[in-house]
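All of the numbers you see were taken from the coordinates with simple rules; none came from a lab. Here the structure is a predicted model, which is why all the values come from computation and not from measurement. Every residue, glycine among them, receives a Cβ derived from its backbone with ideal geometry; neighbour counts consider all protein chains shown.
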Amino acid sequence: MDLSELLAPIASDLERVEARIRGDLESEYPVLARLVEHVSRFRGKRLRPALLLLSASACGGVRDLHYGLAAVLELIHTATLVHDDVLDEATLRRNVESLHVRWGNEMSVLFGDYLFARAFRVAATLGDQRSIDLLAAASESLCLGEILQTSERWNAALSEAQYLEIIEKKTAVLFGAACRLGAEGAGATPERAAAFERFGLGFGLAFQIVDDYVDLAGDEAAAGKSLGSDLLKGKLTLPLIRLLAAVPAERRAAVTELFTAGERRQERLAEIRRLLAELGIRDIAVARAAEFAARAQAALAPLPPAPALDLLRRLAALVPTLGGA
Ligand code: FPP
Ligand code: MG
């Protein structure tokens, strides 16, 4: 079963979130309407809203607050993608040209800021201080994750623990916040809300590990976005860390050079792809993602059965097979 089939039971709820996003982004300024039109073509998987709604449903039911929060989460996520494509010099996002390709970096940075500010303004209208706290903490975390990632570029000695800390902060924390927002907004006990957050964290780690493998070895047409930017920007990710650990000591210096040399990117990428295949790194990355997906599922294990819980578990099981953000 694929993602859209799995999410079919909440398709109308997700449509309601879409309508909220459209309403939240309406503007009388033609330039904003055109920028909004561009990002609205970045039709994503809506995973964060889905996790929020399913967590709410598993904890007592979806309320009006949840639709608003799901829209805010997606606005924050969209803002980060607009900025991320500037940082990564990526030209394709969800099969549409990245915003900066059409509008330039200055407008993209400004519009990302606008989306981010708009998200918090909408959040403030929802009248729930606790949610604003959680959203602000998650936003701070993802900025910190990006800062740590940037400060560690070209560091071939980056450890797996350091890598995991970066992806937890830049990606997993927002998934964790999605689940916690859903649970808390539905009146979950603190223990239960923490369990949902742990689910989101495990889910997010698995998701980013797969995304990082796809960035190196995936197919742009299938992923619908620019790939290879981690190598271009000197970001050491799990497949490269594991590749380095797997090559015999005498080849390590040459392989490190492949990650850290500035030029001949296409040739280096081709050689890295060959090595990833030769040394079975795909299986290692998928297994690591599956471990975090299993950790996510384990967080929900003590809870009494519910259809939404079952869906969350199945979504987690699907992550190691997904093809990118
Ligand atoms: C995707 O990484 C990027 C993120 C998960 C976070 C990006 C966050 C920022 C740029 C922080 C500043 C933004 C705002 C508005 C607060 P990736 O490049 O690995 O994923 P990709 O393959 O989808 O591009
Ligand atoms: Mg990127």
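Inter-part distance, the stretch 197-246 to the stretch 118-176, computed on C-alpha centroids, equals 17 Å.
Over the chain, dividing the summed -39,500 (n - 2.57) contributions of all DSSP H runs of at least 4 residues by the number of residues returns a 222 nm mean residue ellipticity of -24000 deg cm²/dmol. For GluC sites (Glu not before Pro), the sites in the stretch 82-174 that DSSP calls loop and that have at most 15 other Cβ atoms within 10 Å are GLU89. Here the Debye sum runs over all C-alpha atoms of the chain as equal scatterers in vacuum, and log10 of I(q)/I(0) at q = 0.07 Å⁻¹ comes out as -0.28.
Under the simplified labelling scheme, the SER27-ALA137 pair shows an inter-label distance of 3.1 nm, with each label point 7 Å from Cα along Cα→Cβ. In plain terms, the chain from GLU291 to ARG251 could stretch by 11.5 nm, reckoned as 0.36 nm per residue minus the Cα-Cα distance. Between the residues THR80, GLY61, GLY104, the greatest Cα displacement towards the positive end of the dipole of the stretch 59-133, with unit charges on the Cβ of Lys, Arg, Asp and Glu, is found for GLY61. Basic side chains Lys and Arg get +1 at the Cβ, acidic Asp and Glu get -1 at the Cβ, and with that the dipole of the stretch 83-148 about its Cα centre reaches some 320 debye.
Local charge sum around ALA11 (other residues, Cβ-Cβ under 11 Å, Lys/Arg +1, Asp/Glu -1)? Spelling it out: positives minus negatives among the neighbours equals -2. Say each of THR321 and MET107 gets a label point 7 Å from the Cα, pointing the same way as Cα to Cβ; how far apart are those two points in nm? Label at THR321, label at MET107, 4.1 nm between them.
Taking 7 Å steps out from each Cα toward its Cβ at GLN162 and ALA261 produces label points 2.3 nm apart. Take each uninterrupted DSSP H stretch in the chain, measure its Cα extent along the helix axis, and return the ones at 18 Å or beyond whose mean Kyte-Doolittle hydropathy is at least -0.5. In the chain, the long hydrophobic H runs are 64-88, 99-125, 129-151, 190-217, 281-300. FRET efficiency for the ARG314 to GLU15 pair, using the beta carbon distance and R₀ = 30 Å, is estimated at 0.90. Under conditions of 20 °C and 1.002 mPa s, the stretch 93-200 yields 134 µm² s⁻¹ as its translational diffusion coefficient, taking Rh as the Kirkwood radius over Cα pairs in the Stokes-Einstein equation. Cβ crowding within 10 Å, taken as a proxy for footprinting-reagent exposure, orders VAL247, VAL319 from fewest neighbours to most as VAL247, VAL319. A simple charge model with +1 on the Cβ of Lys and Arg, -1 on the Cβ of Asp and Glu and nothing else charged puts the dipole of the chain at about 320 debye relative to its Cα centre.
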